[in-house]
Amino acid sequence: MEIKLAENHGFCYGVKRAVEIATEASNEPGRSYTLGPIIHNPQVVDKLKNRGVSPIEEVSDISEGTMIIRSHGVGPEIYKEAEEKGLHVLDATCPHVKKAQMDAKSVIEDGMTLVILGEKNHPEVKSINLWAKNKGIIIEDEKNAENLQVVEKIGVVVQTTFSQFKFNSIIGVLEKKSKNLKVFKTICNATQERQNSAVDLAREVDLMIVVGGKNSGNTNRLAEVCRDVGCTTYHIETSAEIQLAWFENVQTVGVTAGASTPDWIIKEVIETMKEFEELLAAAGQEDFKKGNVVNGTVVQVEDERAYVSFGYKTEAVLNRTEISYPAPASAKDVLHYGDEIKAVIMNHIKEDNPVYLSMTRLAKDEDWQYVIEAQEKDEAIVCKGIDAIPAGLVVTVKSLRGFIPLSQGDVHFVKSLDNLVGTEFEAKVLEIDEKKNRLVLSRRAVLEVERQAKLAEALEKINVGENYKGIVRKIMPYGAFVDIGGIEGLLHISDISWQKIKKVEDVLSVGQEIEVKLQSFDAESNKLSLSLKALSKSPWDEAEENLHVGDVINGKVVRLVAYGAFVAVNDDIQGLLHISQITKQRNAKVEDYLTRGQDVEVKIISLNKEEKKLGLALTELMEAKETEETSAE
């Protein structure tokens with residue numbers, strides 16, 4: 001049975017972008033939510049939920065945190081509601097959907113009748129119509145189009161995942177409904193490419209498997225266009241739905257996937273189909289079957305393989321990579337003629353085809369039991385890092401291959417785990433799926449236990465309000481994390497200096513030793529809030545000590561406003577020189593008396609530290625000088 005994968009399949013740009021935005025949000029502090037499922041794929045939604053990014057139905061469901069707008073988009077009122085609630089919004093709307101929204105808005109603004117081609121209840125179509133103030137006429141098929149009345153001007157916007165074939169037929173009907181038909185062809189190129197690839201493949205295979213969410217519009221349309229060309233088609237979400245009976249007497253199978261289907265699900269489907277292919281080919285072979293454990297004798301050894309006699313009519317092949325893990329440089333280093341071994345049959349035995357054995361598979365069975373028991377007892381196991389990839393770290397646990405996601409590699413967010421390659425360390429088991437050879441571990445879980453122990457010890461020695469020496473461990477856009485004796489606290493950017501700073505890096509650097517004050521401690525979350533500026537007096541504290549009502553001082557005009565001017569009396573303090581304190585002339589304009597950058601002599605008439613207000617006067621000084629001159633005369 002030959003398996004063919006469609007040329008264009010799986011994640012499109014918009015979906016990939018949305019998932020990446022949600023994944024990045026899961027690594028940031030605070031709670032994150034998606035308004036509705038981020039994409040129409042239950043497996044991806046569940047995966048994100050496990051990382052702390054949960055879907056919500058309404059904006060009112062949350063009061064704080066980060067809200068991610070899903071790829072299908074929303075109406076303008078959602079942005080307004082989120083802003084009013086003070087939510088941090090990440091917009092993952094597909095750029096193609098955003099264009100469709102703006103096109104629909106422009107059609108209404110131009111006074112045209114808006115027609116939206118798409119599924120009436122699809123969230124993308126709803127969002128497009130919301131930008132058009134819900135004035136759009138939604139058409140799903142030719143029948144709907146036939147019922148449309150003749151109008152002067154029609155503007156057509158299309159759901160980005162709409163069927164290209166339906167689009168062409170409906171436009172043919174709409175051309176009869178108006179002499180002025182303007183079509184905004186907003187079908188995504190990726191959608192059209194996937195549909196074309198699926199149709200081309202469906203025409204040359206016996207059976208089509210379409211992989212993707214059952215609630216995914218574009219995946220449903222892929223299945224639809226495959227059936228339209230007369231090919232038997234099955235729409236599945238995961239490999240668990242595949243049935244062996246589908247492939248009986250089938251020579252070629254095509255596979256495609258919707259724009260919301262991740263690569264790992266597609267790979268699992270293909271692997272399952274390959275296993276079914278082997279099962280069908282091996283039907284009736286009962287004497288020696290895949291998975292049977294056999295005893296054998298080594299009869300020949302080469303660098304890349306050994307040949308083993310185990311009672312079958314032909315000798316079996318034991319490849320170098322199946323002798324042990326990691327594999328030896330040469331099979332001759334570990335095996336010799338006459339050695340007795342125990343191994344497992346790896347493939348379904350077919351007439352005149354080689355039989356392959358594996359010694360590592362036996363070891364793996366024991367090692368799977370080892371990690372299963374470790375998970376049940378919540379015990380740490382030793383693993384070794386072998387390869388750092390963007391998503392995390394590939395490790396070995398005895399003969400098993402495992403994976404540590406990037407988010408589980410450390411207690412803090414890190415960009416890479418390449419520092420762990422070649423090292424041994426402890427980790428805890430998060431997920432086991434022996435059938436899929438899937439082992440997911442967490443180094444973070446072990447470090448967190450150690451961190452909590454150190455935290456408990458450190459918390460006994462700290463007190464709110466006291467000063468501590470610390471080391472800057474990490475710098476983020478919103479502040480710096482400072483280690484004060486085994487426990488890290490957040491030094492927010494607003495607590496670094498009394499003066500406004502643009503970037504934390506302008507003041508602090510990683511590894512720098514500083515002194516900070518412990519402002520607060522949340523015992524429930526073990527979060528510490530630190531302050532650097534609290535070690536010095538605020539500019540207004542110094543102003544209260546050094547400036548007094550009645551003092552005459554020099555200042556510089558820094559800003560002119562309709563009601564007066566703001567005068568800088570030092571680097572940190574500005575006071576208001578009201579127009580009434582500049583001149584007694586009614587309806588006077590400030591710019592007629594003062595200019596920006598002008599040096600002036602002013603008198604302090606009020607100072608309020610709590611409200612951070614300084615009142616200045618110029619008129620009194622001028623009157624005083626005039627009086628002195630008159631007396632002298």
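At a glance:
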{"item": "Selection from segment 331-350 of residues that are under 19 Å from Ser309 (Cβ atoms) and either surrounded by 16 or more Cβ atoms within 10 Å (Cβ to Cβ) or free of Cβ contacts under 8 Å to residues at least 12 places away in the same chain (or both)", "result": "Ala331, Val334, Leu335, Ile341, Ala343, Val344, Ile345, Met346, Asn347, Ile349"}
{"item": "Any chance Ala259 is within 19 Å of Gln192 (Cα to Cα) and either among the aromatic types (Phe, Trp, Tyr) or open to solvent by less than 70 Å² (accessible area, probe 1.4 Å) (or both)", "result": "yes"}
{"item": "Conditions (1) under 30 Å from Phe276 (Cβ atoms); (2) in contact with a helix residue (DSSP H, G or I) (Cβ under 8 Å, 6 or more places away or on another chain); (3) free of Cβ contacts under 8 Å to residues at least 24 places away in the same chain: number failed by Ile493", "result": "(1)"}
{"item": "Among residues of segment 351-391, those that are closer than 30 Å to Leu417 by Cα and either in contact (Cβ under 8 Å) with a residue 40 or more places away in the chain or in contact with a strand residue (DSSP E or B) (Cβ under 7 Å, 6 or more places away or on another chain) (or both), counted", "result": "20"}
{"item": "Condition check for Pro55: open to solvent by 20 Å² or more (accessible area, probe 1.4 Å), in contact with a Ser or Thr (Cβ under 6 Å, 6 or more places away or on another chain) and not in a helix (DSSP H, G or I)", "result": "yes"}
{"item": "Count of residues meeting criterion [under 18 Å from Arg559 (Cβ atoms), exposed (fewer than 14 other Cβ atoms within 10 Å of the Cβ) and of a type outside the set (Ser, Thr, Tyr)] in segment 586-597", "result": "6"}
{"item": "Leading residue by the ranking (surrounded by the most Cβ atoms within 10 Å (Cβ to Cβ)) among those in segment 541-585 that are among the charged types (D, E, K, R) and part of a strand (DSSP E or B)", "result": "Lys556"}
{"item": "Residues satisfying the stated conditions in segment 382-399, i.e. open to solvent by 30 Å² or more (accessible area, probe 1.4 Å) and more than 25 Å from Asn27 (Cα to Cα)", "result": "Val382, Lys398"}
{"item": "Failed item, numbered, when Ala240 is tested on (1) open to solvent by 70 Å² or more (accessible area, probe 1.4 Å); (2) part of a helix (DSSP H, G or I); (3) in contact (Cβ under 8 Å) with a residue 24 or more places away in the chain", "result": "(3)"}
{"item": "Complete set of residues in segment 451-475 that are aliphatic (A, V, I, L, M) and in a helix (DSSP H, G or I)", "result": "Ala453, Leu455, Ala456, Ala458, Leu459"}
{"item": "Residue check, Asp410 among the charged types (D, E, K, R), within 26 Å of Arg361 (Cβ to Cβ) and surrounded by fewer than 17 Cβ atoms within 10 Å (Cβ to Cβ)", "result": "no"}
{"item": "Residue ID - surrounded by the fewest Cβ atoms within 10 Å (Cβ to Cβ), chosen from residues in segment 58-102 that are part of a helix (DSSP H, G or I) and among the β-branched types (Val, Ile, Thr)", "result": "Ile78"}
{"item": "Test: Glu448 is of a type in the set (Asp, Glu), under 24 Å from Glu28 (Cα atoms) and not in a strand (DSSP E or B)", "result": "yes"}
{"item": "Matching entry among Glu20, Glu57, Glu81 (being in contact with a Gly (Cβ under 8 Å, 6 or more places away or on another chain) and free of Cβ contacts under 8 Å to residues at least 24 places away in the same chain)", "result": "Glu57"}
{"item": "Of all residues in segment 501-540 being in contact with a Lys or Arg (Cβ under 7 Å, 6 or more places away or on another chain) and under 30 Å from Ile604 (Cα atoms), the one that is most open to solvent (accessible area, probe 1.4 Å)", "result": "Leu535"}
{"item": "Segment 484-500, subset within 15 Å of Asn463 (Cα to Cα) and in a strand (DSSP E or B), residue modelled with the highest pLDDT", "result": "Gly489"}
{"item": "Wholly enclosed strands (runs of 3 or more DSSP E) of segment 148-219 bearing at least 2 residues without any contact (Cβ under 8 Å) to a residue 60 or more places away in the chain, small (Gly, Ala, Ser) and closer than 23 Å to Ala104 by Cβ", "result": "none"}
{"item": "Verdict on Lys274 being in contact (Cβ under 8 Å) with a residue 24 or more places away in the chain, within 27 Å of Val199 (Cα to Cα) and open to solvent by 40 Å² or more (accessible area, probe 1.4 Å)", "result": "yes"}
{"item": "Unique residue being surrounded by fewer than 16 Cβ atoms within 10 Å (Cβ to Cβ), closer than 27 Å to Val317 by Cβ and not polar (S, T, N, Q) when the list is Glu379, Glu373, Glu366", "result": "Glu366"}
{"item": "Segment 129-147, subset assigned to a loop (DSSP other than H, G, I, E, B) and over 18 Å from Asn220 (Cβ atoms), residue most open to solvent (accessible area, probe 1.4 Å)", "result": "Lys133"}
{"item": "Identity of the residue in segment 308-330, crowded, with 16+ Cβ neighbours inside 10 Å and within 13 Å of Asn295 (Cα to Cα), that ends up modelled with the lowest pLDDT", "result": "Phe310"}
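The values are calculated or read from the model by the stated rules, or taken from the named source; none is laboratory data. Note that this is a predicted model, so its numbers are computed, not measured. Positions of Cβ are generated from backbone atoms using ideal geometry, with glycine treated the same way; all protein chains shown enter the neighbour counts. Just the protein is used for accessible areas: all its heavy atoms, side chains included, with ligands, DNA and RNA removed. Shrake-Rupley method; radii C 1.70, N 1.55, O 1.52, S 1.80 Å.
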